[in-house]
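Peer 1: Take a look at the following structure, please.
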Amino acid sequence: MPAKTTQPSEDLHNPYGYSEMDWAAQLDPAYAAARAEVRRLSVGEDGILSVKVKELVVIGILASRGLQYGVAAHMRRAIQYGATQEELLHKAPCGRTLSTSTLSSGTGSLRG
């Protein structure tokens with residue numbers, strides 16, 4: 001079954017729903033604005049690469065470092081931008097450093 005292709009609204013202040021980012025924005029609005037600009041440049045809609053491809057790259061980097069929380073959030077966003085389950089699961093054989101717990105954490109995003 002193909003993934004949804006409708007584009008979510010871009011809230012580059014906190015596109016992944018990290019509660020820490022909301023907290024940081026309250027403490028230091030200038031920091032939050034700077035992070036939003038970095039997000040816009042790195043995983044925003046500008047540039048040659050699609051958001052889906054950018055998210056797949058980020059997933060590979062995070063998964064290779066064993067960062068479970070980030071993998072799940074970026075998988076959800078990749079799905080929102082049209083990534084298929086097959087594309088996401090292709091990350092598993094691409095990096096031998098992927099841990100089972102990291103992959104399991106992220107694949108919860110595929111269920112719903």
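Peer 1: Give me a count of the residues in segment 17-51 that are touching a Leu at 6+ places or on another chain (Cβ under 9 Å) and surrounded by 13 or more Cβ atoms within 10 Å (Cβ to Cβ).
Peer 2: Within segment 17-51, residues that are touching a Leu at 6+ places or on another chain (Cβ under 9 Å) and surrounded by 13 or more Cβ atoms within 10 Å (Cβ to Cβ) number 7.
Peer 1: Can you list residue pairs whose Cβ atoms sit under 9 Å apart, with the first residue in segment 58-71 being farther than 18 Å from Gly44 by Cα and charged (D, E, K, R) and the second being assigned to a helix (DSSP H, G or I) and at pLDDT below 85? Count only pairs 6 or more apart in sequence or on different chains.
Peer 2: Every condition considered, the pairs that remain are Arg65/Thr102.
Peer 1: Hey, among the residues in segment 30-45 that are of a type in the set (A, V, I, L, M) and touching a helix residue (DSSP H, G or I) at 6+ places or on another chain (Cβ under 7 Å), which one's modelled with the lowest pLDDT?
Peer 2: Just the residues of segment 30-45 that are of a type in the set (A, V, I, L, M), to begin with: 30, 32-34, 36, 38, 41, 43.
Now narrow it down to the ones that are touching a helix residue (DSSP H, G or I) at 6+ places or on another chain (Cβ under 7 Å): 32, 43.
Values: Ala32: 84, Val43: 89.
This residue is Ala32.
Peer 1: While we're on this one: With the requirement that a residue be aliphatic (A, V, I, L, M), under 22 Å from Met21 (Cα atoms) and at pLDDT 85 or above, what does segment 46-71 give you? It would help to see each step written out before you state the result.
Peer 2: So the first thing to find is which residues in segment 46-71 are aliphatic (A, V, I, L, M), and the list is 48-49, 51, 53, 56-59, 61-63, 67, 71.
So of that shortlist, the ones also under 22 Å from Met21 (Cα atoms) come out as 51, 56-59, 61-63, 67, 71.
Selection gives Val51, Leu56, Val57, Val58, Ile59, Ile61, Leu62, Val71.
Peer 1: Taking His13 and the conditions (1) surrounded by 11 or more Cβ atoms within 10 Å (Cβ to Cβ); (2) at pLDDT 85 or above, which numbered condition does it fall short on, given that it satisfies the others?
Peer 2: Every listed condition holds for His13 apart from (2).
Peer 1: List pairs: first in segment 29-51 and of a type in the set (D, E, K, R), second surrounded by fewer than 12 Cβ atoms within 10 Å (Cβ to Cβ), Cβ under 7 Å, 6+ apart or cross-chain?
Peer 2: Arg40/Asp46
The values are calculated or read from the model by the stated rules, or taken from the named source; none is laboratory data. What you are looking at is a predicted structure, and each value in this text was computed from that prediction instead of being measured. Because the Cβ atoms are built from the backbone with ideal geometry, glycine has one as well, and the counts that use them run over all protein chains shown.
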